[in-house]
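Chemist: Got a structure for you, questions after.
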Amino acid sequence: MAGTSMAAATPFDAIVLGAGGAGLMCAAVAGQRGRRVVVIDHRPEPGAKIVISGGGRCNFTNLEAAPDRYLSANPHFAKSALGRYSPHDFLDLVERHRIAWHEKTLGQLFCDGSARQIVRMLLDECDSGGVTLRLGEPIRDVSHADGTFRVATDGGTYAAPALVIATGGPSIPKLGATGFAYDLARQFGLKVVEPRPALVPLTLPGDEALFRSLSGVAVPVVARCGTAAFAEAALFTHRGLSGPAILQVSSYWRHGQEVAIDFLPGQAAGWLREAKRAQPNAPMRRILSTLLPQRLAETLAERIGGGEMIGALRDAALGEHEARLRDWRFRPNGTEGFAKAEVTVGGVATDGLNQRDLSARHLPGLHVIGEAVDVTGWLGGYNFQWAWASGWAAAQGI
């Protein structure tokens, strides 16, 4: 990648590497600002992650997007871009293109129809800006000399004073995702925060095998890891734990840490003692099954040793069972990896980037945006909002 191609290069004002959400957004905005922009991607079709997102309907933003809902070594880095291009700005764009949408829980916005409408919208915006698309062209060489970036592909060589790295992270490799952005960033002197899978199912060791019999059971919980806590559904799988609450805490989880689950959020302290007074001859599993799926109730009752009639248990023991159900500890032995991760935590270090336009502090003209940067949002449209906002911000600096 470091070699310099001597082939005649087609001149542009900016070269955008990556035809995902961030790259297309950046190209469209820069093009509409009068810049000559080319977008290059090794895949033949643009917006692969957009197409599969939200069950095919694209959770394209979140009305609650704010910097405190993003993970980064510098928690303040995302403030500028997110503050200057808001969810309502993107929603205005969606509505201008007459794409019907709806709001689900927790501020999540989805297309009524297909996620492909968002891709089409971005392509139309690129077309309005006169953007050149070069899809299905693997990148062979990227270099920089005398204030000019040169990119050689199977289809030609391109030159520009600005280069935007928008090739994402390694999550979902079946869509063509790689660590290319990190290699390129290092080549140009930027540091990389260790990337790891995020928004990903957690796996459990063999001693938690009893819970594998619950595969397919879902239940509303509060899941916690460290100081992070999320009240959403958890799903038991044949390998461990998944569901929105687990995906959320997975972004914060590190090897060796425990994940705590409150299986009965909202239940007032002392509820088991009240159940004992009301139904002294009921076994624990029956009491739990009034509040939880039966299979889960039976498994939890077995684990806490409450198989006997609840009336035979002392109040102190019931208090201990309540505490266990409020703070059930799992120690995952891993995740399902980048293959199942929706996004990547870590990436190009923000301390080498200008937060206003995501340009490299030491190399004028180089920008890094989207998932390639060490900024990772919560589940629920936050990462798309970062893609739009970071792409928009970079376009202002081109």
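Chemist: Net charge near PHE12: determine it from the other residues with C-beta under 10 Å of the C-beta of PHE12, scoring Lys and Arg +1 and Asp and Glu -1.
Modeler: So the environment of PHE12 carries a net charge of +1.
Chemist: Taking loop as defined by DSSP and a crowding limit of 10 other beta carbons within 10 Å, which trypsin sites (Lys or Arg not before Pro) in the stretch 298-398 fit? Before the final figure, lay out each step's value.
Modeler: Working: sites: ARG303, ARG314, ARG324, ARG326, ARG329, LYS340, ARG356, ARG361; in loops: ARG314, LYS340, ARG356, ARG361.
Within the stretch 298-398, the qualifying trypsin sites (Lys or Arg not before Pro) (loop, at most 10 other Cβ atoms within 10 Å) are ARG314.
Chemist: At a threshold of 8 angstrom on Cα-Cα distance, excluding pairs fewer than six apart, so keeping six or more, what relative contact order does the chain reach in percent?
Modeler: In percent, rounded to a whole number, it is 25.
Chemist: Right, here's the next one. If LYS104, LYS49 are ordered by their accessible area, calculated over protein heavy atoms with a 1.4 Å probe, which sequence runs from highest to lowest?
Modeler: LYS104, LYS49
Chemist: What translational D, rounded to a whole number of µm²/s, comes out for the chain from Stokes-Einstein when the hydrodynamic radius is the Kirkwood one over Cα pairs, at 37 °C and 0.692 mPa s?
Modeler: Estimated via Stokes-Einstein, D reaches 145 µm²/s.
Chemist: A further question on this structure: Please tell me which of these pairs span more than 24 angstrom C-alpha to C-alpha: LYS49/LYS340; LYS104/LYS174; LYS79/LYS174?
Modeler: Beyond 24 Å: LYS104/LYS174; LYS79/LYS174.
Chemist: Given the whole protein assembly as supplied and a 1.4 Å probe, what does the accessible area of ASP357 come to in Å², nearest 10?
Modeler: For ASP357, solvent-accessible area is about 30 Å².
Chemist: Let me ask you something else. Calculate what fraction, in whole %, of the accessible area of the chain sits on carbon and sulfur atoms when a 1.4 Å probe is rolled over the protein chains.
Modeler: About 50 percent, which is the carbon plus sulfur part of the accessible surface.
Chemist: How large is the convex hull of the Cα atoms of the stretch 212-322 per residue, expressed in Å³ as a whole number?
Modeler: For the stretch 212-322, the hull spanned by Cα atoms encloses 107 Å³ per residue.
Chemist: Kindly report the accessible area of the stretch 87-237 per residue (heavy atoms of protein chains, probe 1.4 Å, no ligands, DNA or RNA), in Å².
Modeler: Values: 6500 Å² over 151 residues.
Roughly 43 Å² per residue, with all protein chains present.
Chemist: What's the magnitude of the charge dipole for the chain around its Cα centre, counting Lys and Arg as +1 and Asp and Glu as -1 at the beta-carbon? Answer in Debye, nearest 20.
Modeler: Details: 40 positive and 38 negative charges, 84 e Å.
Once rounded to the nearest 20, the dipole reads 400 debye.
Chemist: So, one more: Can you tell me the accessible area per residue over the stretch 259-395, all protein chains present, probe 1.4 angstrom, in square angstrom?
Modeler: On a per-residue basis, 40 Å².
The values are calculated or read from the model by the stated rules, or taken from the named source; none is laboratory data. Just so it is clear, the structure is predicted and the values come from calculations on it, not from any experiment. A quick note on method: Cβ atoms are made from the backbone with ideal geometry, for glycine too, and the neighbour counts reach across all protein chains shown. These area figures cover heavy atoms from the full protein model, side chains too; ligands, DNA and RNA do not enter into them. Shrake-Rupley method; radii C 1.70, N 1.55, O 1.52, S 1.80 Å.
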